Amino acid sequence: MIKIVFATNNPNKLREAKALFAGKIEIVSLKEIGCTEDIPETQPTIEGNASQKAFYVYNKYNIDCFADDTGLEIDALGGEPGVYSARYAGENVAFEKNMELVLEKMKNKPNRKANFKTVISLVINGMETQFTGIVKGEILQQVLGISGFGYDPIFKPTGFTETFAEMTAEQKNKISHRGIAMRKLADYFNSNKK
Ligand code: IMP
């Protein structure tokens, strides 16, 4: 079976990927290859960060891998917080602070359109392929729901009456940016298997 590293320290993402690729691809964690350092994410775009993380692991550990990067892009804020989603209100702040800042900046803004974007960078034998997952929606005026993480309580996907934070993990996974990008990656492996 092909072995591939998922360059993430998020145990939920690892578990999801292991389940999605079970029996087809062996997903290996960073810990398992002895990578315990912080991987740099210093690029100005989501695409650039996904690429930077995947190539960091490929170049340093000489093993095929993929990495993901995600951001919330809000039209009325010119695409912010985007690549700065994790640290919009400052380094190492709680998700609540980032959401508060978004709600504050979105006060009195009639255009509530936004989207989540995930980019996965796959590096095999030094060759990169990227997969993108986008889910469109709108930013609410206040938080709703307690599931999920990040900006889930203020994001309502188009065509649904609940926010991501009011959905179960399974419901969210079916329509989410990361779910879409991960399934594209899975399709790629399925159609490229020898
Ligand atoms: P990451 O690249 O997956 O680590 O995501 C960067 C940041 O985007 C996170 O720290 C969250 O603030 C936000 N984010 C990513 N995915 C989601 C999601 O599914 N729901 C809400 N916020 C998210």
Quick note on Leu103, Leu122, ordering by fewest other C-beta atoms within 10 Å, gives Leu103, Leu122
Where Rh is the Kirkwood radius over the Cα pairs of the chain, the temperature 37 °C and the viscosity 0.692 mPa s, what D in µm²/s does Stokes-Einstein return?
189
Lys/Arg Cβ at +1, Asp/Glu Cβ at -1, dipole of the chain taken about the Cα centre: which of Ala54, Leu185, Ala7 is farthest positive-ward?
Leu185
Can you grab the distance from the C-alpha centre of region 134-194 to the C-alpha centre of region 1-53, Å, no decimals?
19
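For a quick check: sort Ile39, Ile180 by the number of other beta carbons within 10 angstrom, fewest at the front.
Lowest to highest Cβ neighbour count: Ile39, Ile180.
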How big, in percent, is the set of alpha carbon pairs in region 132-190 lying more than 15 Å apart?
48
Per-bin percent of Cα-Cα distances, region 1-100 [5 Å]:
2, 12, 19, 20, 19, 13, 9, 5, 1, 0
CD proxy, 222 nm, the chain: helix-only mean residue ellipticity via -39,500 (n - 2.57) per DSSP H run with n ≥ 4, per residue, nearest 500, stands at -9500 deg cm²/dmol
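For the pairs Lys60/Lys184; Lys3/Lys174; Lys3/Lys117; Lys136/Lys184; Lys107/Lys174, flag any whose C-alpha to C-alpha distance is greater than 21 Å.
Cα-Cα > 21 Å for Lys60/Lys184; Lys3/Lys174; Lys3/Lys117; Lys107/Lys174; rest within.
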Any idea how far apart Lys24 and Lys105 come out in nm if each label point goes 7 Å out from Cα toward Cβ?
3.6
Tell me the angle of helix 177-192 to the major Cα principal axis of the chain, expressed in degrees between 0 and 90 and rounded to the nearest ten.
20
Fewest first, what order do Arg178, Arg87 take by the number of other Cβ atoms within 10 Å?
Arg87, Arg178
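Values in this text are rule-based calculations from the coordinates and carry no lab data. In this text the structure is predicted, and so the values were computed from the model without any measurement. A quick note on method: Cβ atoms are made from the backbone with ideal geometry, for glycine too, and the neighbour counts reach across all protein chains shown.
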